[in-house]
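Note sheet for the following structure.
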Amino acid sequence: MNPQDGLETRWERDTGGHLTDAAIEALADAQPVSASSAAHVETCETCSARLADAALRTTTLHREIHALAASPQAQAALARPHARRSPLPYIAAALIVGLLASAPSAASLPRQLSTLRAAIKLQAAGFKQVGLAVFDEVSGPVSSLLFAAVLVAAGVAVAVWGSKDKERRSNHGFA
Ligand SMILES: [Zn+2]
């Protein structure tokens with residue numbers, strides 16, 4: 001015996017043996033129903049048609065909810081209590097840009113490995129700083145962007161410093 005059939009399932013069936021509207025809605029909403037009710041829908045033309053209608057309604061409803069959520073009014077309402085957005089995308093972008101900026105040094109590995117390592121270390125420090133700032137509740141979307149900008153600037157600065165350093169060192173080598 002299916003353990004689910006031991007549960008209260010009378011609400012799922014009407015007097016004619018078909019599924020109740022509640023059971024149809026539950027199925028359409030991917031809620032669990034008893035195995036026998038699920039099996040009935042598969043074999044009963046009437047109930048499977050009702051389920052198809054209900055599923056379509058659910059899909060339409062979801063689409064309407066999404067459209068509503070995307071409306072400018074809803075966005076404005078959502079933005080207020082959630083003013084503090086996650087800075088992670090900015091941090092990720094900063095890390096990528098910072099490391100890309102260090103790429104010329106990476107190309108001349110292993111000599112420039114120390115520069116690259118310094119760049120990564122700096123990026124990691126910035127990451128930590130942003131993380132701390134988030135927990136300090138200082139980080140709003142604007143400050144996240146500022147942190148990201150600082151990180152990008154730091155990454156580029158290290159890369160530039162790295163290539164200058166390399167230049168200086170190689171000049172020294174030739175001298
Ligand atoms: Zn039926």
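Rule-based calculations on the coordinates, nothing more; no lab input. None of these values were measured; they are calculated from a predicted model. A quick note on method: Cβ atoms are made from the backbone with ideal geometry, for glycine too, and the neighbour counts reach across all protein chains shown.
Ranking His66, Ala49, His18 by how far each Cα lies toward the positive end of the dipole of segment 3-78 (charges on Cβ) leaves His66 at the top. Neighbours of Ala154, meaning other residues whose beta-carbon lies under 14 angstrom from its beta-carbon, give a summed charge of +2 when Lys and Arg score +1 and Asp and Glu score -1.
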